[in-house]
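The structure appears right after this line, and notes come after that.
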Amino acid sequence: VASTTGNGDAPDDGDEFWRLVRRRDTDAATFDGASFAVLALGDTNYDKFCHVGKTVDKRLAELGGRRFLGLACADEAGEMELTVETWRRDLCVALEADGLLADGTASRSLLRAVADDSDKPPVVEPTPDLFVLADDAAAAAAAAPPSLAFARLRVDAALAASPRALDAAFLPAPAKKPPQGVPVVNGGDTNGVVDGPAPATTTYSAARPFEALLAAKRTLCDTGSRRVVHVELGELPDGVAYAPGDAVGLCCPNPDDAMAAVVAAIRRSSSSREDDDATLRTLLRRKDLSAAPTRKLLATVATWCADARDRDRCLLLASRPAGAALYDACVATPRVRFFELVGLLASCTPTPQDVVAALPDLSARYYSVASSPLVDASRLAVAFSVVAYDTPAVRFSDASDGVLLQPPRRLRGLCTTWLDGLEPGARVPAFVKASDSFALPAELDANLVMIGPGTGVAPFLGFLAHRQAQWNKTNGGVRHETPPPPPPQNGSS
């Protein structure tokens, strides 16, 4: 199982294996006789979707391994759990068929559970009669319906179409309820600034970033459809070094609207009203309030709802196979986020401990270094496109004239929107993530062909600045806009 982090990197605990399979001098028979199957985990919001898993799958085959099950790629921004469950089922079937399980006991119960599809509740397809539409009389009397299809689902009608959808056998287990009254310090252990002074021998990371100064900012291009911004970070702490090809991780905060929505939901609980807003925001600051509601998260949110209809709405979308099509139409395609979900459920009353236990940590975002320390070691630059996109429209049929269920939504990138809104003088939590393979060749006269498929030209700005500085130093400080051509070879002119 291989996840992808940052700029197409392997997680730290897989770094040694990652280097082994990618090395060109690794023995071509390293995995002779080994059977393998790869499940890749990634996020389609990033350019290098499942890069580590795809590369490992390819290289294991090239190094002599035998693939007994095809690569599966699970998308955190989509139905990751459904992909994983399907892969697990296929894995058990393949292992049994291949004789790789001695007696089949490890997979027997799972195989029994998936063997008889006739016992499963039918899939509920999104149809106009299952939703409140803008031209409904009831909706007109109450003004416009909420824009999100999730809030307009007629739960009772949907359950009538699949009465066994909420049976426990078809639902994921919710997250365990955390002990109430137990204080949560800083909302978790990763991402964000750790309170108190840093140790003298700090290794900066997502768990303990340094506070860089936003020293300069300028717009490189703004065409209306695309905005590119160049930012310089200054006041790097002693001991922080970087090279072109490295990435810088930025620890952005949650958007104000996301924080406000979750705090408001917590405020509905009488047990949480004694906490002031500052305390709640401190507890929540490192949790991903914009997380995609997975099936497990939906089942967990259902336990926070006092109203049966709110509970059933969440559970129906978490049910498989019954709620799969509704989940895609109401959650996955319109990219509904956690803070929107709890804001729409009027009876949802989580405690701060509930939210902290249920949500993943807010991940750092990685950007290629676009500067050279040989030009100015006290500053580090990045260039980025401000992310903004429209989600696909959701219709009740595949035909272009199908009735519109969910219009497109304009969404913005979490970190790039925040960074674009900052002014020089602001502080930016950051850390450097070194690259072990993306670097300039040591020879100054080596020819370079620089290709950035999906990554843009930002890292090459750093490479060019670095190479120019190296050339100037080698040539006694004489600056050339471009290096002069090499001397004639073999007497030619």
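The values are calculated or read from the model by the stated rules, or taken from the named source; none is laboratory data. Fair warning: this is a prediction, and the values are worked out from it, not measured in the lab. Neighbour counts run over all protein chains shown; Cβ positions are idealised from the backbone, glycine included. Quick note on the areas: whole protein, heavy atoms, side chains included, nothing else; ligands and nucleic acids left out. Shrake-Rupley method; radii C 1.70, N 1.55, O 1.52, S 1.80 Å.
Of the listed requirements (1) of a type in the set (D, E, K, R); (2) in contact with an Asp or Glu (Cβ under 8 Å, 6 or more places away or on another chain); (3) open to solvent by less than 30 Å² (accessible area, probe 1.4 Å), Arg379 misses just one: (3). Once the stretch 40-78 is narrowed to residues that are open to solvent by 40 Å² or more (accessible area, probe 1.4 Å) and among the acidic types (Asp, Glu), the residue that is nearest to the chain's Cα centre (by Cα) is Glu76.
Please verify whether the stretch 19-33 includes one or more residues that are modelled with pLDDT under 90 and within 20 Å of the chain's Cα centre (by Cα). For the stretch 19-33, residues modelled with pLDDT under 90 and within 20 Å of the chain's Cα centre (by Cα): absent.
How many residues are of a type outside the set (D, E, K, R), within 17 Å of Ser437 (Cβ to Cβ) and not in a loop (DSSP other than H, G, I, E, B) when one looks only at the stretch 18-68?
7
Of the residues making up the stretch 427-442, one or more are open to solvent by 80 Å² or more (accessible area, probe 1.4 Å), part of a loop (DSSP other than H, G, I, E, B) and without any contact (Cβ under 8 Å) to a residue 60 or more places away in the chain.
Residue-by-condition table, conditions (1) among the hydrophobic types (A, V, I, L, M, F, W, C); (2) on the phi > 0 side of the Ramachandran plot; (3) out of contact with any helix residue (DSSP H, G or I) (no Cβ under 7 Å at 6 or more places or on another chain):
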| site | (1), (2), (3) |
| --- | --- |
| Ala2 | yes, no, no |
| Gly8 | no, yes, no |
| Pro11 | no, no, yes |
| Arg22 | no, no, no |
| Asp27 | no, no, yes |
| Ala37 | yes, no, no |
| Cys50 | yes, yes, yes |
| Lys58 | no, no, yes |
| Phe68 | yes, no, no |
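Scanning the stretch 436-462 for residues that are among the small types (Gly, Ala, Ser) and at pLDDT below 85 turns up Ser437, Gly452, Gly454, Gly456. Screening Thr474 with (1) touching a Ser or Thr at 6+ places or on another chain (Cβ under 8 Å); (2) modelled with pLDDT under 90; (3) not basic (Lys, Arg) gives one miss only, at (1). Arg311 meets the conditions (1) closer than 21 Å to Pro121 by Cβ; (2) in contact (Cβ under 8 Å) with a residue 60 or more places away in the chain in every case but one. The failed one is (2).
In the stretch 211-230, the residues that are touching a residue at least 12 places away in the same chain (Cβ under 8 Å) and farther than 22 Å from Arg379 by Cβ never reach a residue that is open to solvent by 70 Å² or more (accessible area, probe 1.4 Å) and in a strand (DSSP E or B) with C-beta atoms less than 6 angstrom apart, at least six apart or across chains.
The sole residue among Ala165, Ala151, Ala157, Ala161 that is open to solvent by less than 70 Å² (accessible area, probe 1.4 Å), within 28 Å of the chain's Cα centre (by Cα), of a type outside the set (Ser, Thr, Tyr) and at pLDDT 85 or above is Ala151.
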